[in-house]
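Enquirer: Questions regarding the structure given below will be posed in turn.
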Amino acid sequence: MRRSIAAVLFDKDGTLFDFGATWDGWGMRVIEDLSAGDPEHARDLALTVRYDLAAARFLPDSPVIAGTNREVADCLLRALPGWTGARVEERLVAHAAAAPLVEAVALVPFLALLSARDLDLGVMTNDDEAVARAHLAEVGVVNMFDFIAGADSGFGAKPSPAPLLAFCRAVGVAPGQTVMVGDSTHDLKAGRAAGMLCVGVLTGVAGRETLAPLADVVLPDVGHLPDWLDGRI
């Protein structure tokens, strides 16, 4: 009998990890580093990536939320004359390695629940694959996924559906039997274009009103996913 849902593909930041708790502090450290402590330069850098220095958080329209490291570096370069994109990317990755990872829910038991339902699991992030693997390893879940890809893995980046379809090929599941779970419109647009079911979560920056038009359902966090899946598998 053909299962209606056989695989789940997750975004990483804002989905498996709470975006604000994990990345707002990282944003401040990146700006402080690149500005070398110059307040005026810090303001210029914050403006390019839509970061609120007073509140120490990314604004909802920040390109950092769903962008690749290259896209973020290109934004910052507007306020970094004389720098190269590669040099900025190196700084971004270095700071990402020290980001304080805050799980949206306890990931080991959550993923175990999904594995018990015989679902193929994957992660597709617009972060670099090596960073994604390091983050997932740090919280003890890297081996719980059948597929992990980043924007630099050779499949493209969201909102293109190409990396999502690469996951389907890798695990041998049709897109129509796959759920894409993410916190941004990039995630959900990619899922829709790939022909997947789409689940939005509110552990990123986007609100329900932003995600709902693109999602089959919007959940408070991924911890509510098993109940939603029951009866659909």
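Enquirer: Looking at the range 116-135 only, could you name the residues that are closer than 23 Å to Ala73 by Cβ, in contact with a Phe, Trp or Tyr (Cβ under 9 Å, 6 or more places away or on another chain) and not in a loop (DSSP other than H, G, I, E, B)?
Expert: As a first pass, look at the range 116-135 and keep what is closer than 23 Å to Ala73 by Cβ: 123-135.
In the following step, the residues that additionally are in contact with a Phe, Trp or Tyr (Cβ under 9 Å, 6 or more places away or on another chain) were identified as 123-125, 135.
Those that are closer than 23 Å to Ala73 by Cβ, in contact with a Phe, Trp or Tyr (Cβ under 9 Å, 6 or more places away or on another chain) and not in a loop (DSSP other than H, G, I, E, B): Val123, Met124, His135.
Enquirer: Applying the selection to the range 54-71, what residues are among the hydrophobic types (A, V, I, L, M, F, W, C) and within 20 Å of Gly14 (Cα to Cα)?
Expert: Ala55, Ala56, Phe58, Leu59, Val64, Ile65, Ala66
Enquirer: Can I ask one more? Mind listing just one residue for me: the one in the range 173-209 that is out of contact with any helix residue (DSSP H, G or I) (no Cβ under 7 Å at 6 or more places or on another chain) and without any contact (Cβ under 8 Å) to a residue 40 or more places away in the chain and, of those, nearest to Gly14 (Cα to Cα)?
Expert: Top of the filtered list is Arg208.
Enquirer: For Val142, all conditions in the list (1) surrounded by 19 or more Cβ atoms within 10 Å (Cβ to Cβ); (2) among the β-branched types (Val, Ile, Thr); (3) out of contact with any Ser or Thr (no Cβ under 9 Å at 6 or more places or on another chain) hold save one; what is the number of the exception?
Expert: (1)
Enquirer: Just give me the residues in the range 156-189 being in contact with a strand residue (DSSP E or B) (Cβ under 6 Å, 6 or more places away or on another chain) and surrounded by fewer than 20 Cβ atoms within 10 Å (Cβ to Cβ), in sequence order.
Expert: Within the range 156-189, Ala170, Val171 meet the criteria.
Enquirer: Related question: Could you list all residues from the range 117-147 that are in contact with a helix residue (DSSP H, G or I) (Cβ under 9 Å, 6 or more places away or on another chain) and farther than 20 Å from Ala98 by Cα?
Expert: Correct list: Arg117, Leu119, Asp120, Leu121, Gly122, Val123, Met124, Asn143, Met144, Phe145, Asp146, Phe147.
Enquirer: Which numbered condition in (1) farther than 30 Å from Leu229 by Cβ; (2) open to solvent by 30 Å² or more (accessible area, probe 1.4 Å) is the only one that Arg133 fails?
Expert: Going through (1) farther than 30 Å from Leu229 by Cβ; (2) open to solvent by 30 Å² or more (accessible area, probe 1.4 Å) one by one, Arg133 breaks only (1).
Enquirer: Go through (1) closer than 20 Å to Phe155 by Cβ; (2) open to solvent by 50 Å² or more (accessible area, probe 1.4 Å); (3) not basic (Lys, Arg) and name the single condition Gly122 misses.
Expert: Result: Gly122 passes all but (2).
The values are calculated or read from the model by the stated rules, or taken from the named source; none is laboratory data. Source: prediction; values computed, not measured. Note that each Cβ is placed from the backbone with ideal geometry, even for glycine, and that neighbours are counted across all protein chains shown. Each accessible area value is taken on the protein alone, full model and side chains, heavy atoms only, with ligands, DNA and RNA left out. Shrake-Rupley method; radii C 1.70, N 1.55, O 1.52, S 1.80 Å.
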